[in-house]
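The next block holds one structure in the form of C-alpha cells; read it before the comments.
The values are calculated or read from the model by the stated rules, or taken from the named source; none is laboratory data. Source: prediction; values computed, not measured. Here Cβ is always computed from backbone atoms with ideal geometry, including for glycine, and neighbour counts include all displayed protein chains. Just so you know, the surface numbers come from the protein's heavy atoms only, side chains and all, with ligands and any DNA or RNA stripped out. Shrake-Rupley method; radii C 1.70, N 1.55, O 1.52, S 1.80 Å.
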Amino acid sequence: MDTDSDTDFAVVELTVNGIGHRVGVEPRRLLVDVLREDLGLTGTNVGCGQGVCGSCTVLVDGASARSCLMLAVQAHGADVVTVEGMATAAGVHPVQQAFLDAQAQQCGFCTPGFLATTVELLDRNAKPSEAEIRAALAGNTCRCTGYQHIVDAVVRASEAAS
Amino acid sequence: MSTTTGPTTGHSTAWVGADLPRKEDPALVRGSIAYVDDLRLPGLLHAAVLRSPHAHARIVAIDTTAAKALPGVHAVLTGAESLDVIGPLARFCAEEVVEHAIAVEKVRYFGEAVAVVAAESRYIAEDALALITVEYAPLPVVADAEAGMAEGAALVHENLGSNVVYQHAFTFGDVDAEFAAADRVVRRELRWPRATAAPLETNGAVVRFDAASGRMDVWSNTNLLNFGAWVMSATLGVAPHMLNFHPLSVGGSFGSKHFLAKQIGIAGALAKVTGRPVKFMEDRADNLLASDAQAPERAHVAELALDADGTFRSLRVKVVDDYGAYFMLAIAGNTNPLSQIVGPYRIGSVTYDVTAVLTNKNQQGVLRGAGSDVTNWVLERLVDAAADELGVDPVELRRKNLIPPDAFPYKIPTGNFYDSGDYPAVLARALELADLDRWRAEQERARAEGRYIGIGVACAQQRSTYYASEFWFHNIGAPAPFTTTAESVRMRIGPTGGITATLFAPFWGNSQETVTAQLIAAELGVDPAEVAIDLAPTMHGLPSAGPGGSRMTVMLSGAVAGASKKLKDKIFEIAAHQLEASPDDLELRDGVVSVQGTDASMSLADIGMAAYWQKASLPDGMESGLEASFTYDPPFFTLPNADRTDLGAFYPIVGHGCHVVVVEVDPETGQVEFLKYVAVHDHGTVVNPRSLEGQIRGGIAQGIGVALYERVAYDAEGRNLTASYDEYVVPGAPDVPRVEVAFLQTPSPWTAHGVKGGGEGGRMIAPPAVTRAVEDALAPFGARIDELPIAMETIVGLCSPP
C-alpha cells in the first residue's frame, strides 16, 4: 500500500466481487464509502454507522465484517464480496434464493447484511438449529419482518445445501 | 356468476388471495434497488447538520467564518440566514407553533439543527461543523408534560402564552349519567412510553434547483411526495407546479417518513444557495435526535363503567400527551383513535379528554398505529383490570361484550362506522389455535414448580384506509374540511399485449407492486408475472396519498377495478367490432377474448396491435391507444357535525384481531421468554396472504418492542439518552418468537373485492396481549402493570419483596 503522509492519501488495492481495484483514499475513509461511492456498489447499506445494526455487513476474506467500522486501508489486499457479487450469470446465490422463497425481506434495506451473515454462518455450520440461527443473526437488525421469515430462509438455505 | 348482461371476465386462477412471491423481492435480494442515498447526480454536494447541545436555549451568536473557509465547503447556513431562501415548515395545526428547518433565535430541543453545511463530501461537511462556534444562553428546560403544565413553567413557544397547546374533552353520549348508573367503575392510571419507528434507513433528500427554469426536483424517502407540491411549496419558495417529487424505494417507514419537511427543507435551502444538487442524509444520531417522528408519550386516567354482570356501559379516558417542542401534525395522534376508541366492544358512550403539552423534546410524528395503538392498550388494560376486579375470566368478559356479527355496519358513539366483522369467531379461532386450556394447565403445573408462566389475550381493532380528516376536525367550531385521500392507477396494454401499471407512490416495504399485479390479473385474466409496474413522479402523477394508515391495498383494489373496467370496455368494443359479435356474447379469459360457444377469438396482443397501429380496424370514431386511468376515492364516509359530537365516518374500513400470548418470566433476571404466540386477524379479503402475514409478524415484533424494550429517554436537562441503536433498543432475532398467523375473512361491504387494510394490526394488538401475559405470569407476586416498557429491571423489582 502506497501512502503519502504529506497529502494524507493512501492507495488501496483490493478485490471486490472478483474484480481488482486500485483506489486512492484518505486514510480515514470507510470501506463502505469506497464500496458505495467510489465503486458504485450501492447494494451495501448503512443503517447506524457504528456497527450495531449489521446492515453494512460484507464478506472480507470470507468473514463477515462491518464495512461502516472498517477503514478502507484495512481492506488493502483483501477479497471483498458484497451483495452484488453473490448472484452469477446462472442466477442468484442459493442463500438469495432461500430469502426469495421465504419472503425474508420487506423493505430490503437490511437484506444484504443478513445475506452476508447467513453465508458466513452456513460456511461455519451447515445445519444450524433455530436457536443457533437466531444467535448468529443477533448482530443484524431488521425492523420490518419480525425475523421469522429470515430464520425460515436460513433453514431453507441450509436444507438446499445438503 | 353475473346476472346482468354484458361480456364475461374470467380466469383460470383466483389471483386475489393467491399466495404468490412478491414482485419487489428479486431486486431486494440482489441489492439492485435504489434508495435515496444511492442516488448520484452530477455535481452533487453533501450536507451535514450542527445540532444543539442544549434542550432549551437562546442562540446568541454563531460564527461560521472558519467553516466557510474550509476547502471543499460550498455553503454554511444558520437558521437566520436560511430565511432568505426557505420559509417556515408547513404545519397541520391551527395554533401558531412556528418551526424552521434550522432553528431561528432559539433552540427548543436537544439536537435541533442550528447550522448546516454543504460540501464536496460528507467528510468535509462534518469537518466544517467542528469549525462552527455557537454561543448559547441556556433557558430553563421543560422536561416533561407535567413540568410543562406547572404554574410559572418556562415557555417552549412564548407567543402561545402556555405550553398547553390544545385541550378539549370530546364527549359522545351521556357519559356522566352512564357512569352514575353503573354498578362499578374500574380505574387505572396508565403510561405509554415515547417510542420511535427507527427504520433501518434514515431520512434523506436530494434536491436540485434549476434557477433558470425555477423548477425544483426532490428525490426523498418521504411519503410527502404526494402532498409535497402544496405542503412544501411555501417552505421551499417554489410554486407548486414547479416542484417535482420523485418516488424512490424506502428502507422502512412505519409512518415515520410521512413528511420529512425539515430534511427536504435543509437540502432545498442548500441547493438554492449553492446552485448545485444537495443531498442531506441523516445519520443514525440525526434520526434518533431530530427526525420529528417520535411517538405519543401519554399519561392516562382511564375508567370503564360496567354493570355487576360485566356488561360494559361507558368509557372515560383523560390523556395528557407530551408532544415535544413542535406541533406539526396537531393532535392527529389523539383524534385518530376516535375512529375505534370503544374497541371491538359494545360501549354506548365515551369521553376522550385530551391535553396536549409542548416540552423540550423532539416532536411527535406518526408511528404504526398512529395513536390508536395506545388506546388499544389502554382499553385492553381496563378490560383485564375489570376481569381482575370482578373475579371473572378475562376471555369470557371480552366475549360477553364483543359487538355481535349481525350488528354491522356498526356506528360507534364517535360517529365512525365499523364496516363488517365476526369478532367472536376470531376469538374462538385464536383460542383454538393457542390451545388455551392446555396452557392454563401448564401454567398451574409450572407455578407448583416455582416457574412463572403467564397468558395474555387481547381483542382489538385495526382501522384502515385513512382519509386524513383526523388532522383537521379537532378545531371545534371551525369549518371542518373533510379530507378524502384518493389513490390512482394508470394501466396500459401495449401493442403486443403487455400490461404496464403506473403507480404514484413510493415503495415502503409493503407490497404495492405485487398486489397491483394480482388485482390486474384478477380483472383481466392474465398472469400477474406479466404485469410490469412503473412509479411516476408527481409532475406526471395522478391523485395519490401513498402508503400509510393501512390504505394501499384497499385503495389500489378500487383503482385497479376502475381502470380495468375502462380498459375492458374498450377491449370488448374492439373485439366485438372485429369478430362481428355482440359484446354480450364475449368473454375475456386468460388473456384471450372469445365469442362464447365459438372458435372466434382475439388475444390481448391482437387487440393491442389494432388499438395502436390499425385505426382502420377500429370502430368508427374510436381513439387509438389502449390506456386507462382511474382515481379511486374512499368508498364510504359521512361528515362531522359542527360541535364534533359526531365526527362522521372518517375511518370506516375496520379490521380486527385477537392475539394469544404465553410467556415464561424469570423473576431473578426479568427475562421474558415467549412460549406461544398466536395472532388471528380479519382484514376482509386477503389479496396476498404471505405478504400480509409478513406485515403482521413484523408489526408484532414492534409491538413486543414497545411492550418490553423501546423508549426514547430524556434526562432532566432534556438531553436525549437514546441517540443510537445501542441505547434505543429494538428487538433482535433472539427476542422475537415464531408467530402463528391465521386469517378470517369477513369482506368489507364497501371496498373492491371486500379488502381491508392490515399493515398496522400486528403492532396495534401485540402490546396489550404481551403486557397481560407478563402481568399474569407475575400474578403470584401481586404485580400490576400500568406502564410500558416492562423493562427487565421493572420485572425484577415487581418480583422483589417490598
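For the reader, a short list of remarks on this structure follows.
- In terms of Cα atoms, the Rg and Dmax of the range B:711-755 work out to 20.3, 53 Å.
- Annotation: the range B:96-169 has a Kirkwood hydrodynamic radius of 14.9 angstrom, from the mean reciprocal C-alpha pair distance.
- Taking all protein chains as shown and a probe of 1.4 angstrom, residue B:565 keeps an accessible surface of around 110 Å².
- Accessible surface of residue B:127, taken over heavy atoms with a 1.4 Å probe and every protein chain present, rounds to 60 Å².
- Of the GluC sites (Glu not before Pro) found in the range B:112-155, those that fall in a DSSP loop while having at most 13 other beta-carbon atoms within 10 Å are B:151.
- Working note: Cα gyration tensor of the range B:509-560, eigenvalues times five, square-rooted, sorted largest first, giving semi-axes of 19, 14, 10 Å.
- Dipole of the protein assembly as shown, positive end: most advanced residue of B:148, B:765, B:609 [Cβ charges, Cα centre]: B:609
- With a threshold of 23 Å on the Cα-Cα distance, the over-threshold entries among B:68/B:279; B:23/B:262; B:570/B:615 are B:23/B:262.
- Unit charges on C-beta of K, R, D, E only; dipole of the protein assembly as shown, Debye: 660 debye
- P(r) weight above 39 Å for the protein assembly as shown, C-alpha pairs, percent: 45 percent
- The sum of -39500 (n - 2.57) across all DSSP H runs of n ≥ 4, divided by the residue count of the protein assembly as shown, sets its helix-only mean residue ellipticity at 222 nm to -8000 deg cm²/dmol.
- What the Cα atoms of the range A:7-126 give is an Rg and a Dmax of 14.2, 50 Å.
- Each principal axis of the Cα cloud of the range B:539-688 was taken in turn, and the coordinate range along them, longest first, works out to 83, 47, 34 Å.
- The shape of the range B:169-283 can be summarised by an equivalent ellipsoid whose semi-axes, obtained from the alpha carbon gyration tensor, come to 44, 18, 11 Å from longest to shortest.
- Under the combined filter of DSSP loop state and at most 11 neighbouring Cβ atoms within 10 Å, the range B:583-637 retains these GluC sites (Glu not before Pro): B:623.
- Binning the C-alpha pair distances of the range A:1-78 at 5 Å intervals from 0 yields a P(r) profile of 3, 17, 28, 27, 16, 7, 2, 0 %, listed from the shortest bin outward.
- Cα pair count fraction exceeding 23 Å, expressed as % - the range B:501-589: 32 percent
- Remark: C-alpha extents of the range B:644-765 on the principal axes read 50, 40, 25 Å, sorted largest to smallest.
- Share of carbon and sulfur in the accessible area of the protein assembly as shown stands at 51%, probe radius 1.4 Å.
- Accessible surface computed residue by residue for the protein assembly as shown, with neighbouring protein chains in place and a 1.4 Å probe, gives 34 Å² per residue.
- Projection of the Cα convex hull of chain B, averaged over all directions and equal to a quarter of that hull's surface, yields 36.8 nm².
- Once divided by 2.2 N^0.38 Å, the Cα radius of gyration of the range B:463-540 becomes 1.48.
- On Cα atoms only, tilt of A:148-161 relative to the major axis of chain A in degrees: 90 degrees
- Estimated buried accessible area (total), pair A and B, 1.4 Å, Å² to nearest 100: 4100 Å²
- Helices in chain B that qualify as membrane-span-like (whole DSSP H runs, Cα extent of at least 20 Å along the helix axis, mean Kyte-Doolittle hydropathy of -1.0 or higher) are B:372-390, B:552-579, B:689-708, B:761-777.
- Minimum 30 Å² accessible area buried by the other protein chains, the range B:232-277 residues, probe 1.4 Å, relative to alone: B:254
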